[in-house]
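Structure record follows, encoded as structure tokens.
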């Protein structure tokens, strides 16, 4: 991964972030949160509400622009510190109407090269990527390169973001767009796909059920289970894999040898 260079302004901001986090670190909270991150979790143990205080201070003191945040965000995410990455997302989120194509491409770079956990992928997918649709900075056609990214976290963020487009985009079009991810081998992507299908089913039952019927033999069993959780049991059974039949193997009857005289042993 190519490390981003820091300007004097960025170095000052970075130093302030470090001081803030070291002054407030809570190792006990970090240890408790660690169980939610099988991929690894390097954190100070600081709640998001506290980080918002730091976010507001940085925005006020440094008057940092959306493009600068997009560049600084990569540095923060590359640090590997959980709170640094969260702060980057909180900062860019405050500039919703001012995002442009440059910011869009830097956010993709965040996901492709620096995001290392499902929580940041979901945060970006739910709070940042939908803005690109609202501002017409992206559509499903141009979104294909995100879906096909080598990063599992970019792919997960794409699925997560479409949950927030279920009223704006056609359900059948979204399902067709996500079809290549059916065979994705990454668990974090499959989990997001199952959640997406369950969520979309509540709005558009017919296209989701048609999708499940067409692809039930290819979809992961956990995706099918998750996608059908809200369905009536009778309907869910149509799409879930059938449990293997129990094979009854009766115990063979013992064979007896005949003794002379007709008696059996």
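Quick note: the coordinates plus some simple rules give every number you see, no bench work behind them. Bear in mind the structure is a predicted one, so any value in this text is a computation, not a measurement. Neighbour counts are summed over all protein chains in view; Cβ atoms, including those assigned to glycine, are modelled from backbone coordinates with ideal geometry.
Quick look at the numbers
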| read-out | value |
| --- | --- |
| Expected 222 nm ellipticity per residue - DSSP helices of 4 or more, -39500 (n - 2.57), all of the chain, to 500 | -18500 deg cm²/dmol |
| Candidates 37, 211, 84: whichever shows maximal mean-square fluctuation once the chain is modelled as a Gaussian network with Cα springs under 10 Å | 37 |
| Packing-based exposure ordering (other Cβ within 10 Å, fewest first) of 234, 126 | 234, 126 |
| Region 30-133 - Rg over Rh from alpha carbon coordinates, Kirkwood radius | 0.95 |
| 0 to 90° range, to nearest 10: angle between helix 118-127 axis and the chain longest Cα axis | 60 degrees |
| Fully extended contour minus Cα-Cα distance, from residue 53 to residue 168, at 0.36 nm per residue | 38.1 nm |
| Region 96-204 - Debye-derived log10 I(q)/I(0), Cα point model, q = 0.10, 0.11, 0.13 Å⁻¹ | -0.24, -0.29, -0.42 |
| Highest to lowest packing among 56-69, 184-197, scored as the average C-beta count within 10 Å | 184-197, 56-69 |
| Cα long-axis angle, helix 205-215 against the chain (0 to 90 degrees, to the nearest 10) | 60 degrees |
| Between helix 82-93 and the chain: long-axis angle, C-alpha atoms, 0 to 90°, nearest 10 | 60 degrees |
